[in-house]
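J.: First the structure, which I've put down as structure tokens, then a few questions once you've had a look.
The values are calculated or read from the model by the stated rules, or taken from the named source; none is laboratory data. Computed from a predicted structure; not experimentally measured. Note: ideal-geometry Cβ built from the backbone for every residue, glycine included; neighbour counts use all protein chains shown. The area values use the complete protein model at the heavy-atom level, side chains included, leaving out ligands, DNA and RNA. Shrake-Rupley method; radii C 1.70, N 1.55, O 1.52, S 1.80 Å.
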Amino acid sequence: MLIENPKTYKGTEVEQIFFRPSFCGQNAEQLGIRVIYNMPMPTTVHVWGSADNVLQSFESGWSGGASSHKLQKTIQMHKVKAESSFSAEEYFSMIFEKMVGANGVGYQDLTGTELEKAETELFRQAIAEGVRSTMWIGDTSGEISSLKTFDGFFRHILDAGANISRFEISSEDEMMGAIETLKRCWYQASDELKALRSEGQLVYFVSSSIYNQYIEELDQMGVEGAYNDIINGHATLHYHGIPVVEVPLTNYDVEKFSHFCLLVDRRNMVLALNTADMPENEVRMWYNPDMMENRQRAVFLAGADIIDQRLISAVYSSF
């Protein structure tokens with residue numbers, strides 16, 4: 001197999017090779033959200049709660065009882081096309097570097113399997129970053145960012161208006177510090193959100209600015225273990241037992257959400273991907289001899305949404 005040979009992936013190959021390695025298992029846990037695949041269209045998510053007052057006085061027959069609570073949300077799915085191209089020389093250099101770095105092979109030892117694996121890994125990483133960034137700052141109206149393929153979580157936060165607990169930071173408020181921001185996010189949260197703390201699914205999603213600020217504030221406290229933190233770094237940050245997760249978006253031109261803190265139940269934020277319900281769903285990689293460049297293209301369906309607006313508390317910049 002040569003690097004010029006076309007490669008096409010369809011059906012389950014697209015999901016298994018290009019999406020599940022990035023959005024399942026440990027990688028999905030690092031994203032900190034709920035990821036669902038190939039749900040029947042339209043993609044509808046159900047959230048079930050326990051029934052109230054299930055205990056009844058003992059007597060013969062069926063006494064009934066309250067039904068379980070159910071919240072239903074339909075996620076709008078959008079057709080997405082991911083494309084990239086490289087000059088033949090640049091493409092070979094990147095592929096060869098990946099192969100040597102991963103397998104320790106030399107140029108004379110290249111095989112078709114290793115070549116295909118390196119090519120797919122290169123494009124898989126690009127797709128994963130495109131989906132990750134869009135699920136946060138995607139906006140089909142173009143108000144938040146230039147990522148317009150589907151609406152991300154921040155777009156849904158703005159659309160929710162007064163239905164969620166939120167506070168917009170002014171340029172002066174930005175100086176209140178990371179700990180004060182985390183504290184405010186907790187105290188303004190709804191009772192329904194606070195009540196879920198014992199289930200261990202709450203998480204703070206924060207901008208890089210607040211994350212780095214929080215590290216500095218922890219280092220300045222001088223508490224036991226601070227010395228080890230300075231030497232080894234902070235493996236995982238928490239605030240009152242709730243994980244604090246950085247959402248890196250500094251590479252994107254985002255003003256309104258350049259400084260933010262979200263307290264959510266991680267099950268409440270859903271990324272939906274579909275590689276099965278569209279005939280043209282595929283990933284292709286080929287060489288264009290006229291332009292002397294290698295090209296890659298993926299077509300699939302994607303969407304993101306917040307299921308229950310009560311279960312999110314947001315603090316973000318308004319400048």
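J.: Across the stretch 269-284, what is the number of residues that are in contact with a helix residue (DSSP H, G or I) (Cβ under 7 Å, 6 or more places away or on another chain) and open to solvent by 10 Å² or more (accessible area, probe 1.4 Å)? Spell out how you get there, then give the answer.
T.: Filtering the stretch 269-284 for residues in contact with a helix residue (DSSP H, G or I) (Cβ under 7 Å, 6 or more places away or on another chain) gives 269, 271, 273, 275, 281-283.
From the residues that got through so far, the ones that are open to solvent by 10 Å² or more (accessible area, probe 1.4 Å) too are 282.
Here the count works out to 1.
J.: Separate question: Any chance you could count how many residues in the stretch 300-319 are outside any loop (DSSP other than H, G, I, E, B) and over 19 Å from the mean Cα position of the chain (by Cα)?
T.: 2
J.: Quick one: which helices (runs of 4 or more DSSP H) lie wholly within the stretch 170-248 and hold at least 2 residues that are at pLDDT below 90?
T.: Once the helices (runs of 4 or more DSSP H) in the stretch 170-248 are filtered for at least 2 residues that are at pLDDT below 90, what remains is 208-219, 226-232.
J.: Right, another one. Please verify whether S317 is at pLDDT below 85, open to solvent by less than 20 Å² (accessible area, probe 1.4 Å) and closer than 30 Å to L196 by Cα, treating the condition exactly as stated.
T.: yes
J.: Collect the residues in the stretch 261-299 that are assigned to a strand (DSSP E or B) and within 27 Å of E246 (Cα to Cα), keeping them in residue-number order. Working first, answer last.
T.: If we filter the stretch 261-299 for residues that are assigned to a strand (DSSP E or B), which is where we start, we get 261-265, 269-274, 282-288, 293-299.
Across the stretch 261-299, the qualifying residues are C261, L262, L263, V264, D265, M269, V270, L271, A272, L273, N274.
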